Structures are given as structure tokens and as C-alpha cells.
Amino acid sequence: MAPEHVQSALQQGQLNSAYSRLGRDGNYSREADKNGGGALAVYTRAVGTQQATWQAQGHGVGSNDSKVQLILSPTVLQNPQHGWRASSTDNMGRVPGSTPTHQAGLPSNDPLGRAPLWSHQTESGRNRAFNDTVNTGGIQANNEQLHWEKVPLEGNLKGIVATSQGSFNTLMGMPGAQQTAGVAGRGSVRLGNQDIPVVLTPGNASLVSTLREAGIADANGRVR
């Protein structure tokens, strides 16, 4: 997420889909977002504890030093009270489990009309895709988790990782943010009555190692 958008997300207490922000005729970042997944979903990525080569700045679309990584507890996947979820690559905006054939005859500018496509991925297929994602070492690029419409942050947001000084400074400039005295590259932001730890690290550093060293993950690399 761009650091300048973090404050509004914390104030709302949730991450919102592009459709909920932009509506039917919104100016989406890619035309493929209207295929039923991209516009209607909040995207997260699942990283396994053994995937030590996953960089702190992330991999894939939108991953660079100008963004920050919001670190969520896996309970947001295990107990998705906020709504449906699908697993693995979105395949050009299509929700996992749907195919180009499912798109046939659907209006070209009606993302919400494609909501039924979310039913094509079975629970077993979702679980299999997720387990295949996190149970391998190295970098698993197709690790998207698509959450229907929103993801609540309270109780789920465990930390934020910045990989540029500018991004870190933007977060530290937010109301309620505090920089840790005497410790460079460490601080916190407020979410309700919680202090969420913020860590600055090089973009090519291991995300799992960074979270472990910052106390956001336990000694085994698990975020809880």
C-alpha cells in the first residue's frame, strides 16, 4: 500500500476493494480488474515461514520501495468473518476458479454483476491452492489471497514494514505515530487503542527475518 493511504485505512479500520472506492464506472488501474476479481477483491499475499527469500518490499505488481507492507495475522484467512475468500493468482482479474468461458456474455463494464464468479472456486480448491503456496520454500509468486470487498484491520494488523526512509517518514508523520527513542527505523502507528509496530528495513532483506527480528513474528517466523 502507498504510505499516504495508510492513515485513511487505519481510520476506517479496514482495507476496501477498488469497487467499493471507485464504483461501477471508476478509473481502474487495469481494464482486467473488471473481470470479477480485481475490482471486487482486497488482495493480500500469503508468505510461508520457510520462504526466507521473500523480500521485505514484496514481489509482483506494485511491489517497490515506494510502498509499505501491511502485515496481517493468518487468522484473517483462518476465520474470514468479513466474507468470501479465494486463493492463488487472479489470472488477469478473474477470480480464482473462474475461466474465460464463465465471462462469456457478461457486460463489459459491470464488475459487481460478476460476483457469482466467486462461487466457482471450491473450498477444497481454495485450501489446496493456499497450502501449495505456503508449504514450499523460495519465492512463490502466485500467492494472492482475494478477500471479498473488505478486510478488517482491528485484531488482524500486526505490523507495517517500510523499505524506504521516505515511506517510513510518511508513516511517522501520521497522528498518533511515535518513533522509538534511540532506535533508528523503529516506531508505531495507532489503530484504535493499539500501537502497531513499524519497521524500516532494506527492500532486499528477508521479510520473514525482518518480522522475526522486529518481534512482529515469533522465533519460528509465525505472525500471531
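Full extension from residue 21 to residue 135: what is 0.36 nm times the residue separation minus their Cα-Cα distance, to one decimal in nm? Provide the component values of the computation, followed by the final result.
Numbers: separation 114, 0.36 × 114 = 41.04 nm, distance 3.40 nm.
Going from the current span to full extension adds 37.6 nm.
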Problem - Heavy-atom surface of segment 3-214, accessible at 1.4 Å and reported per residue (Å²) - result: 48
Exercise for the section: Evaluate E = 1/(1 + (r/R0)^6) for residue 104 and residue 194, where r is the Cβ-Cβ distance and R0 equals 45 Å; express this FRET efficiency to the nearest 0.05. Expected result: 0.45
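Among 119-129, 1-11, what's the highest-first ranking by average C-beta atoms within 10 angstrom per residue? Write down the numbers at each step before the final one.
Values: 119-129: 14.0, 1-11: 16.2.
In descending order of packing, they fall as 1-11, 119-129.
Figure the gain on full extension for residue 204 and residue 124 (residue separation times 0.36 nm, minus the Cα-Cα span) and round it to one decimal in nm.
Taking residue 204 through residue 124 to full extension adds about 25.4 nm, to one decimal.
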Exercise for the section: Report, in degrees rounded to the nearest 10, the 0 to 90 angle that the Cα long axis of helix 123-134 makes with the longest principal axis of the chain. Expected result: 40
Exercise for the section: Please work out whether segment 161-224 counts as rounded, prolate or oblate from its C-alpha gyration tensor, where a ≥ b ≥ c are the square roots of the eigenvalues and a/c under 1.5 means rounded, while otherwise a/b larger than b/c means prolate and anything else oblate? Expected result: oblate
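Explain nothing, just the number: relative contact order of the chain, from Cα pairs under 8 Å at least 6 residues apart, as a whole percent. Please report the intermediate quantities before stating the final value.
Working: 451 pairs, mean separation 68.6, N = 224.
Taking the mean separation of contacting Cα pairs over the length of the chain, I get 31 percent.
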Fill in the blank from the handout: The rounded separation in angstrom of the Cα centers of segment 14-65 and segment 165-221 is 22
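Based on the alpha-carbon gyration tensor of the chain and its eigenvalue square roots a ≥ b ≥ c, which shape applies: rounded if a/c is under 1.5, prolate if not and a/b is larger than b/c, or oblate? Working shown, then result.
Values: a/c = 2.03, a/b = 1.52, b/c = 1.33.
Prolate is the answer for the chain, as a/c is 1.5 or above and a/b outweighs b/c.
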Completion exercise
Dividing the helical contributions, -39500 (n - 2.57) per DSSP H run of n ≥ 4, by the residues of the chain yields a 222 nm value, nearest 500 deg cm²/dmol, of -5000 deg cm²/dmol
Exercise for the section: Please give the residues of segment 57-74, grouped as numeric ranges, whose backbone N is less than 20 Å from a label point set 7 Å along the Cα-to-Cβ vector of residue 179. Expected result: 66-69
Fill in the blank from the handout: Excluding residues fewer than 8 positions from residue 158 in its own chain, the lysines with Cα under 24 Å of it are 67, 150
Handout entry: Carbon and sulfur %, accessible surface of the chain computed with the full protein complex present, 1.4 Å
Key = 47
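The values are calculated or read from the model by the stated rules, or taken from the named source; none is laboratory data. Here the structure is a predicted model, which means the values were calculated and not measured. Because the Cβ atoms are built from the backbone with ideal geometry, glycine has one as well, and the counts that use them run over all protein chains shown. All accessible areas refer to the heavy atoms of the entire protein, side chains included, with ligands and DNA or RNA removed. Shrake-Rupley method; radii C 1.70, N 1.55, O 1.52, S 1.80 Å.
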